[in-house]
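Step one of this worksheet: look at the structure below.
Just so you know, all these numbers are worked out from the coordinates, no wet-lab data involved. Here the structure is a predicted model, which means the values were calculated and not measured. Positions of Cβ are backbone-derived with ideal geometry, glycine not excepted, and every protein chain shown enters the neighbour counts.
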Amino acid sequence: MVNFSKKLTKDQIPGWEEYYFNYKLLKARVKVYTEQTKEGNHDRRRVLKDFSKLLDDEIEKIVLFMIKQQGLIAARLEELGKRRAVLEDIPLVQEIAELKEDYRAVGLDLVRLLKFVDLNANAVRKILKKFDERLGYTFTDYFVRSRSNHPFSQLKQVFKHVGIGAVVGALSRNLGDLEEREGSYLNIYDENPLAIPKDPIIDMIKATADKLTNSTNFLRFLGQHALIAEPDEAVGTEEEHAAAEEKYHYISLVLNLANTFLYMVNTYIVVPTADDYATSLGAAATVCGIIIGSMPVAQVFSSVYFSAWSNRSYFQPLLFSSIVLLLGNVMYAMAYDFNSLAVLLVGRALCGMGSARAVNRRYISDCVPPRIRMQASAAFVSASALGMACGPAMAGLLQVNFKLYAFTVNAETLPGWVMAFGWFAYLIWLWISFQEPVLGETYEEVHRQVSSAGSSSTKHLKYLLKQDAHGDNDQEEHLLKQDAHDDTADQEEEAPVPAAAPSVVEAYRLLTPSVKVQLLIYFMLKFSMEILLSESSVVTSYYFGWTTSTVAIFLAMLGLTVLPINAVVGTYISNMFEERQILVASEVVLLAGVLLSFNFLSTYTAAQYVCSALLTFVSAEVLEGVNLSLLSQVMPARLSRGTWNGGLLSTEAGTLARVAADGTITLAGYLGQGMLLNATLLPSLLICVASIAATLSTYNSLFY
């Protein structure tokens, strides 16, 4: 894997080298600070002051050059505008063609400038993230808060590219106008004129500008839900990309997506009938919380061993998952005739033990080529959303009651039989069609290589510390020369995979305050959604007398809002506001939905329940997309791979939230069904308020 330092050097525009962000210098300074911290001879205030000055100098250099180039481009556009004005009265084909070429030349220069700003913005982000990861400071929060909110902010010039948008608009408008003018002129003489396409340079400018503004679209926004690292196809050798292509097998990817879909159907197909099943076995209706929650309880453990198992194989964990889910659903269905709540709970727990979502996500991350990884990530999220909608809908259709030999087939047991058949068919398909990818080095081997490489640069760092202690004025020059010639100093970043966290304790230590807050938000939204969905059958039957079919339709309609909402947010809203702004707004709306759900009056109407549920569910969906997008940006690089990766941590946070929510429903059931709604909403309210407060405390560190 090509490290960022080399990528920065490789992508620099000839003649502009001296104006780029000096990433190597600042990276070397971070190494010095890190070693000073280990030896206990550093002054925190001096480090912050020194590093802030270096950053300010580098950003000022970038901004001044950017303004200079904007001025040159604006002057050229002004000159071209005068030539265009002359041609308005006397349109000459040759002159229009030449003018278009000149505009295209300016457009290419503008693209170069946009790429210059984009590369520098990435360098600033990476060095800020590296500083916080290595030293454990919250420097990013301090730096962004003090610089971005200042009236003379230069940081905004880089991240928000102030002024470039006007140049992009002027160039696109003038070039588009010339296209139309040339087209209308040709129409006079051509009986069947060809439609003149939009100039490719306009699309190139728009794509580059969108990348710079971190502008997104529906596909990318949807893919971010999977918390799979967005690929950078510019990073990596041709051999590495070729190896990725060799690993890819389309049917195997489809099998992983099918596993995701079936598992989500399996999760939610029992929700509308769980309370009736509990009462059929002689338990209270609120025991539905335990029935539904036993699956995520088991998933807490299964996610860990499946993630570790996928280091060695993908076929074996998928095979095990299918068998366990098949057995679990058979036990769930047979519990009715055994009249045993224990058999039912064991069956649901087995289903949770078969959760292979960690494997599905890992397969996409490691075995799908970068060119289609975002599409695969979006398909992963879509499969989950469709499964979430199809589960309750299928439950609403399975309203039968008959005996088949010794087994009862009714609305409570049929979901188990249907899912057992589905997993049996999937098992056969998996056995026939799955192709095990060729796995590379294990993460333990990579970790040993990284450790060895890190020790080889210790002497170099000690020398730098010694020079720093003596105040050597030539230190910066030495840092740059040594970094350029010493290959071993960069081995840590050039390793194919960052050293993975070897344990959950080490993974927790790597979590920055921003990551912890995002995981708290993820816990909060999953808790609120699980409370809403799991208690829906009990609440609606108590207050409104809804039947199983009505509850199933209601839950299916909620599930069907997932993709349209993500389309609106990903296509429009995320391009109008910063992600951190959408994050806070979604949390506030979710809080409003929870408050509206409370039964404050003697009468509780279906309209109030439906409106509050829709508000809660939709805001939680919006929040989940933005939350996971920000989480992928603030997540330490060491948590991008290995068993204890960022995807697993977010999955565990969400699963624990579901366990806590289902447990809350069961415990609140002891207060009676009349108190169930308010008793379960109170924890949601408190967690939501806490997450909003935590978000505001780390707001400036989310400047991405």
Report task. For ASP50 and SER340, calculate 0.36 nm times their separation in residues minus their Cα-Cα distance, and state this gained length in nm to one decimal. Result -> 97.5 nm
Query - Residue-by-residue Karplus 3J(HN,Hα) for segment 586-593, coefficients 6.51, -1.76, 1.60, Hz, glycine and proline x - result: 5, 5, 5, 5, 4, 4, 5, x
Report summary line: A chain fully extended from GLN375 to ALA693 at 0.36 nm per residue, minus the present Cα-Cα distance, gains in nm 111.0 nm
Requested in this report: Search the structure for amide H atoms under 5 Å from the amide H of GLN435, placed 1.01 Å from N in the peptide plane, and list their residues when 5 or more places away or on another chain.
Outcome: SER252
Report task. Find the centroid of the Cα atoms in segment 555-600 and in segment 275-295, then give the distance between the two in whole Å. Result -> 30 Å
Report summary line: For segment 567-580, in residue order, the Karplus 3J(HN,Hα) values (coefficients 6.51, -1.76, 1.60; θ = phi - 60°; whole Hz; Gly and Pro = x) are 5, 5, 5, x, 8, 10, 4, 5, 8, 9, 10, 5, 4, 5
**Report entry** Two-site label geometry, VAL400 and ILE428: point separation in nm, points 7 Å out along Cα→Cβ
**Finding:** 1.9 nm
Report summary line: For ARG125 and PHE598, extending 7 Å from Cα along the Cα-Cβ vector and measuring point to point gives, in nm, a value of 4.0 nm
Report summary line: Sorted by chain and then number, the residues having a modelled amide H within less than 5 Å of the amide H of ASN599, at least 5 places away or on another chain, are ASN678
